[in-house]
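The structure appears below as structure tokens.
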Amino acid sequence: VNFYSRWPGFFCASSRRIFLECLQQPLSLAAQQHAQGRVIPHAQRRHYVDLLRAERVQMLYQPIVDLRTGHLVKVEALARLIDIDGTLISPARFLNAFGSADLLRLFEVGIHQVCAVRRGWEQAGIAVRISLNLPPQGIGDSRYHDALFATIEQCGADPAWFEIEILESMDAPLDAAARDRFFQNLRLCGISVVQDDLGSGHSSLLRMESMPFDGVKIDQGLVLRASHKDPQRALEFIYHLTHLAHALKVPVTVEGLEHQGLIEAAAMLGADFGQGYGLARPMSADRLVDWATQFRYDVDVNAPRTPLGALAGYLLWDRELGALGRWPDMMEQFVRTPCMVQRFIERTGLQDPDLEDLIAKNQALAMQGNAGKLYQRTRQEVIARLSAAIRAQLQ
């Protein structure tokens, strides 16, 4: 808020300066509360804390699938509070109500439940790793360390069953040396450390560069933009973030895969693992065994069946075309091979003569490389047609 006066030095008077300083405090508090999210009424906050202290907590588990094989490789444990009437309360509603001690208690309760169900899964033939969320302020906190390892020892669990996800919500209040010691201790015991929400902000990229992560998860907000706003731009981001992580020898999980098109696109762009409603929703521990026996993965990265998969394949094809510019003979052979859009048309039986003609024109121009203006024009037309088909399919 800016204040102006027609009189020079009007706000220099001590009384007015004191008034403005007093006004600054409630305004700053209001701005801070707005930045942190909605304000939770005291009674509601008290209710959530009481549920936690009564251990009315249920852990749900969302499968994470290998996008190359379709095998279940791990699950993410997600906490819910159980309300008095039995309904489940999501973290988006209760996490902001918890202080430091409450977050630690939630972590402790979650660890106990996870250890118990993991042993049951193993007896049923489901041997998967379990990913647990750790608040950034828990990094290096001996209380979290003790709670984790005491529970693992008490349950007789193997530490290699677990991995820890570091949330992007805030920076850990630690110097780099203390942070690295914390991570090293986890790794020495076989526990992996994963960065959550890569791509959600500038700080996530800094973390990826400075912290020795064993894996990263691409932010689902970025992924969902591939469907709703700008498919080409979002797919390009996913591609580059995936290859940046791979250059650092770090596997990539893509979150937010809500439908078949996103699953196809993530697999085609080189991601290692996928998570989202299109694969499976979070579920109770007893349902996971049935889900694992019934789940069937139906993605062929060489023959997409959705417009979004076709667009991802086309962007990769265009990138490979540019890389072959120095080898004309190889480029000609490459262009004569059906591109992903043609395979999409063949697999789905799509009747779209205009798109087929556009692809034929685009490939003919590609014989001269992908730098020409006419090629670039038809390239943008192909992308626009596929992007329109993506939006129409999701309406």
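The values are calculated or read from the model by the stated rules, or taken from the named source; none is laboratory data. Computed from a predicted model, the values in this text were never measured in an experiment. Cβ sites come from the backbone with ideal geometry, for glycine too, and all protein chains shown count toward neighbours. These accessible areas exclude ligands, DNA and RNA; they are computed on the full protein's heavy atoms, side chains included. Shrake-Rupley method; radii C 1.70, N 1.55, O 1.52, S 1.80 Å.
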Exercise. So for the pair ALA101, ILE82, with labels modelled 7 Å out along Cα→Cβ, what separation do we get in nm?
Worked result: 2.4 nm
Seminar exercise, completed: The answer for trypsin sites (Lys or Arg not before Pro) in segment 272-367 that fall in a DSSP coil and have at most 14 neighbouring Cβ atoms within 10 Å is ARG296, ARG326
Exercise. To the nearest 0.05, how large is the calculated FRET efficiency for GLU122 and ARG181 if R₀ is 25 Å and r is the Cβ-Cβ distance?
Worked result: 0.20
For this session: Mind ranking 260-267, 362-369 by how tightly packed they are, going by the mean number of other C-beta atoms within 10 angstrom, highest first?
Result: 260-267, 362-369
Exercise. Which value, in Å², gives the accessible area per residue of segment 354-395 when a 1.4 Å probe is used on the protein heavy atoms?
Worked result: 59 Å²
Exercise. With the contact rule set at Cα under 8 Å and sequence spacing of 6 or more, what percent relative contact order holds for segment 224-361?
Worked result: 21 percent
For this session: Please list, or write none, the lysines whose alpha carbon is within less than 22 Å of the alpha carbon of LYS229, excluding same-chain residues fewer than 8 places away.
Result: LYS217
Exercise. What residues qualify as long-range amide H neighbours of GLU76, i.e. H under 5 Å apart, gap of 5 or more or another chain, H built at 1.01 Å from N?
Worked result: GLN62, ILE64, SER131
Problem set entry | Positive minus negative residues near GLU122 (Lys, Arg vs Asp, Glu; Cβ under 12 Å) | +2
Exercise. Over segment 282-365, what is the relative contact order in whole percent, taking alpha-carbon pairs under 8 Å and six or more residues apart?
Worked result: 32 percent
Seminar exercise, completed: Output row, site ARG347, 7 Å Cα→C-beta label point, backbone N cut-off 20 Å, window segment 269-287, residues 269-280
Problem set entry | From phi via Karplus (6.51, -1.76, 1.60), per-residue ³J(HN,Hα) for segment 245-260 in Hz, x at Gly/Pro | 5, 5, 5, 8, 6, 10, x, 10, 10, 9, 8, x, 7, 8, 8, 4
Seminar exercise, completed: The answer for the net charge of residues other than ARG281 whose Cβ lies under 14 angstrom from its Cβ, with Lys and Arg +1 and Asp and Glu -1, is -2
Exercise. Efficiency by 1/(1 + (r/R0)^6): what FRET value for ASP158 and TRP291, r their Cβ-Cβ distance, R0 = 30 Å, to the nearest 0.05?
Worked result: 0.85
Seminar exercise, completed: Rounded to the nearest Å, the spacing of the alpha-carbon centers of segment 284-351 and segment 88-137 is 36 Å
Seminar exercise, completed: Between the modelled labels at LEU248 and ALA323 (7 Å from Cα along Cα→Cβ) the distance in nm is 2.2 nm
